[in-house]
Structure formats: C-alpha cells, structure tokens
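Provided herewith is a single structure, encoded as structure tokens, for subsequent inquiry.
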Amino acid sequence: MHELNPTNWVRLYADYLLRYALFRINDTALCEDLVQETFFSALRAKEQFKGNSSEKTWLTSILRNKIIDEYRKKGKMHDSLDDESFYGQFFEADTEYAGHWKQPQFPQLWDDSVVEKMESREYYAILHQCIGKLPEKSVAILQEKYFEESDSQKICKDFNLSKSNYWTTMHRINLQLRKCIELNWVLK
C-alpha cells in the first residue's frame with residue numbers, strides 16, 4: 001500500500017506532470033497552472049487516496065482529469081474548417097462521383113520499403129510534426145485513443161462528444177495525418 005508524501009511532490013513529479021500536460025496542450029503557462037492546480041486538488045483530496053496506486057499515478061490521473069475539464073470548457077469541438085470544406089479536400093462533391101475520393105487524394109498502398117522506413121527516427125519525427133499540426137483538441141483525443149488506450153465510450157464521455165462526432169473526429173484525424181505524412185515523408 002502506497003502512502004502520500006506531499007512535501008516531495010514538486011521535487012519528484014512537477015517536471016513529469018508538466019511534460020505530460022505539454023504533450024496534450026501546447027500552452028506552457030496553462031500547463032504550469034494545471035500542474036499547480038493538480039497539486040492543490042491532491043492536497044485537498046489526500047484523505048481520498050486509497051493507496052491502490054503510486055503517488056505519481058494518482059497525481060497523473062488528477063492532472064489528466066484537469067486537462068479533460070479544460071477541453072470541456074472550450075466547448076464542442078469545431079475545427080477551423082467546416083465539414084464541407086474539410087472533406088472537399090479529399091472527396092468529390094459536385095459531380096456524379098460525389099463522395100468518391102479525388103484522384104490525387106486516393107489512398108495508395110505503401111510498398112515494403114516505406115513500411116521499413118516507418119521504424120526509423122525520421123518517421124517518428126515527421127509523425128510528431130504532423131500531430132503538432134492538428135487542432136489541439138484533436139491531439140488530445142488522438143493521445144487518449146492511442147497512447148492512453150481508452151475506448152471510444154470513455155473518450156466520448158471525457159470530451160463530451162456524441163458517438164458520431166467521435167468517429168467523424170477520428171476520421172478527420174486519420175485523413176490529416178495520412179496527408180501530412182505522405183506530403184512530408186513517404187513521397188519525398
């Protein structure tokens with residue numbers, strides 16, 4: 001059973017929690033505030049700590065909830081592009097082929113050499129850059145899905161999304177990442 005030691009929290013966990021927050025929100029001042037709020041909330045709730053996890057895990061969970069609350073404050077997710085203009089980049093709209101892929105955007109199979117390259121540092125650097133180009137809330141949802149391995153139901157609840165909005169968001173994220181990777185790495 002783990003015990004809390006609040007006098008060491010800042011020294012032991014502040015840098016880790018700040019990195020955790022910065023990976024999810026690209027605003028240093030806001031992340032610093034959220035880490036500070038995490039410590040205050042943990043102090044107020046220390047009697048509720050059951051000892052089933054480590055201090056670090058417990059503090060990270062509190063911070064994660066604060067980050068989700070921050071996204072909820074911002075309201076429903078709206079990218080700068082509306083559905084029509086976003087999908088217009090990829091799909092035919094005003095032709096007999098409406099809803100079909102535009103020829104230059106049609107997904108291509110990557111050959112074996114591309115798959116081998118995916119294991120390289122260059123790929124991960126490009127992927128990181130491409131993720132950085134996504135809207136902030138999309139990044140948070142992507143991280144929740146693939147890094148935290150949360151299921152769609154939990155993500156919908158955490159980000160106040162309907163199921164259809166969640167799947168639309170994931171589809172957009174995948175389209176944007178694919179296009180960015182192909183432009184910056186695969187087809188270079």
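The values are calculated or read from the model by the stated rules, or taken from the named source; none is laboratory data. Predicted, not measured: the structure shown is a model, and the values here were computed from it. A quick note on method: Cβ atoms are made from the backbone with ideal geometry, for glycine too, and the neighbour counts reach across all protein chains shown.
Among the residues of the range 32-41, is any modelled with pLDDT under 90 and loosely packed, with under 14 Cβ neighbours inside 10 Å?
No, that holds for no residue.
Scanning the range 132-147 for residues that are out of contact with any helix residue (DSSP H, G or I) (no Cβ under 8 Å at 6 or more places or on another chain) and exposed (fewer than 14 other Cβ atoms within 10 Å of the Cβ), which turns out farthest from Asn65 (Cα to Cα)?
Only one residue tops the list, namely Tyr146.
OK, next. Looking at Arg64, Arg72, which is the one that is in a helix (DSSP H, G or I), surrounded by fewer than 14 Cβ atoms within 10 Å (Cβ to Cβ) and at pLDDT below 90?
Arg72
Which of the residues belonging to the range 119-141 are in a helix (DSSP H, G or I) and modelled with pLDDT under 75?
Hit for the range 119-141 is Arg121, nothing else.
Can you give me the number of residues within the range 1-33 that are aromatic (Phe, Trp, Tyr) and in a loop (DSSP other than H, G, I, E, B)?
Final tally of qualifying residues: 0.
So Glu47 clears everything in (1) farther than 26 Å from Leu161 by Cβ; (2) modelled with pLDDT under 70 except one condition, right? Which one?
Unmet for Glu47, out of (1) farther than 26 Å from Leu161 by Cβ; (2) modelled with pLDDT under 70: (2).
Right, next: Suppose we filter Glu92, Glu116, Glu96, Glu84 for residues that are over 21 Å from the mean Cα position of the chain (by Cα), at pLDDT below 80, of a type in the set (Asp, Glu) and surrounded by 16 or more Cβ atoms within 10 Å (Cβ to Cβ); which single one remains?
Every option except Glu92 fails the conditions.
List the pairs whose first member sits in the range 146-172 and is more than 21 Å from Phe23 (Cβ to Cβ), whose second member is modelled with pLDDT under 90 and β-branched (Val, Ile, Thr), and whose Cβ atoms are under 6 Å apart, counting only residues at least 6 apart or on separate chains?
Short answer, once both residue conditions are applied: none.
Moving on to the next point. Considering only residues that are in a helix (DSSP H, G or I) and over 13 Å from Ile62 (Cα atoms), which ones fall in the range 34-51? Outline the logic, then answer.
The initial filter retains those residues of the range 34-51 that are in a helix (DSSP H, G or I), namely 34-44, 46-48.
Of everything in the range 34-51, just one residue is in a helix (DSSP H, G or I) and over 13 Å from Ile62 (Cα atoms), namely Glu47.
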